[in-house]
Amino acid sequence: MTISPLDLDNVDKQDGVLIQRGLQHLGFYDGTFGGVPGPNTKGAYNRYRGNVPVENADVGSLLDYLSKVEVEFAFPGDVAEGARGMKARRVQEWVTFHNFRTAVDSEFGEATKRSVKAFQEARGEASSGVVNKATWAHLVAPMVRAFSQPAGTVNSLPDAVMRIANQHLREHPVEIGGQNMGPWVRAYMNGNEGRAWPWCAGFVTFVLKQAAKVTGISTPIDGSFSCDLLAAQARNEGRFVSERSLNASPANFSDAGLGSCCIFLVRRTSSDWTHTGFAFNYAGRTCDTIEGNTNDEGSREGYEVCRRIRGRKKKDFIKIG
């Protein structure tokens, strides 16, 4: 499936700005907003349209992970009609992720087979309805790209975090099959899923650890599935930066004060934090973020990884550089 192309050489500046901002929001573009699409904008647009083959994606080799993570993308053997349990469910989740939606009920029946065949046809494969190794590789390719080493030279842990967070953002991880459910959630949460497992802190911890693998630099905090524990770890390591301290010294709300990328924590009380993600591009009292388990409204119980602009009110921060 592809998206009908735009002629970027013939858009006016106002539309060009909208396109560039939209591509940035989706994680494909990191340039300026001049409204005149150049090579950077066109490259981002091509990636958005899916015109970059998986084998040419701008990532390096797949990193090693715990077995509870690797099971989400490792080929389980052929999966066909009649299969039940997690093998069937994973197939249903992945075809749904690719917009060939079917029920996620852990039973590979006629509807699932039809979804698989439609996916195979769209990929140019023989439409057998059997998920073989080639079909599986296409299904899980977004996760493989997100979980791989970023291409090029990585200069620091914050740099690695930014690149990796954007890798995840480009693939648009979402919940599938219910609240806090699906392969992305299980990967971020070490196999856990369901209503009791909000995954914003799991996403932050996963990206931190992925960056540590890439750089060989230890994570500045151990990480956790709990925002409160992230805050406690940061305080123990001398990396916690309160909103109050930033209000007293506004110049510290900057790359110089927080680093080119840091972790934000949404504060409910002085000892309770309810949401987290990565913050960068500080401007005035605002910053850009990449965060998991959120949505366009910035809910703490959303369904996706997305990029937002947030104010710093009622937020504290953790330095990672």
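The values are calculated or read from the model by the stated rules, or taken from the named source; none is laboratory data. Note that the structure is a prediction, hence the values are computed from the model and not measured. Cβ coordinates were reconstructed from backbone atoms using ideal geometry, including for glycine residues, and neighbour counts include every protein chain displayed.
Here are some notes:
- Residues within the stretch 104-143 that are without any contact (Cβ under 8 Å) to a residue 12 or more places away in the chain and part of a helix (DSSP H, G or I), tallied: 3
- Identity of the residue in the stretch 1-16, surrounded by 13 or more Cβ atoms within 10 Å (Cβ to Cβ) and at pLDDT below 80, that ends up nearest to Arg170 (Cα to Cα): Leu6
- Some residue of the stretch 54-68 being part of a loop (DSSP other than H, G, I, E, B), at pLDDT below 95 and in contact with a Cys (Cβ under 9 Å, 6 or more places away or on another chain): no
- Test result for Val79, touching a strand residue (DSSP E or B) at 6+ places or on another chain (Cβ under 6 Å), on the phi < 0 side of the Ramachandran plot, at pLDDT 95 or above and among the β-branched types (Val, Ile, Thr): yes
- The stretch 105-148 - residue that is at negative phi and among the polar types (S, T, N, Q) and, of those, surrounded by the most Cβ atoms within 10 Å (Cβ to Cβ): Thr112
- Selection within the stretch 74-103 - without any contact (Cβ under 8 Å) to a residue 24 or more places away in the chain and surrounded by fewer than 16 Cβ atoms within 10 Å (Cβ to Cβ): Ala74, Gly77, Gly85, Met86, Arg101, Ala103
- Scope the stretch 150-159; condition touching a strand residue (DSSP E or B) at 6+ places or on another chain (Cβ under 7 Å) and buried (at least 19 other Cβ atoms within 10 Å of the Cβ); matching residues: Pro150
- Number of positions in the stretch 89-99 that are over 14 Å from Val131 (Cα atoms) and of a type outside the set (S, T, N, Q): 2
- The residue of the stretch 164-211 that is surrounded by the fewest Cβ atoms within 10 Å (Cβ to Cβ), among those that are among the basic types (Lys, Arg) and in contact (Cβ under 8 Å) with a residue 24 or more places away in the chain, is Arg170.
- Residue match in the stretch 289-304 (condition: of a type in the set (Lys, Arg), part of a strand (DSSP E or B) and closer than 20 Å to Leu230 by Cβ): no
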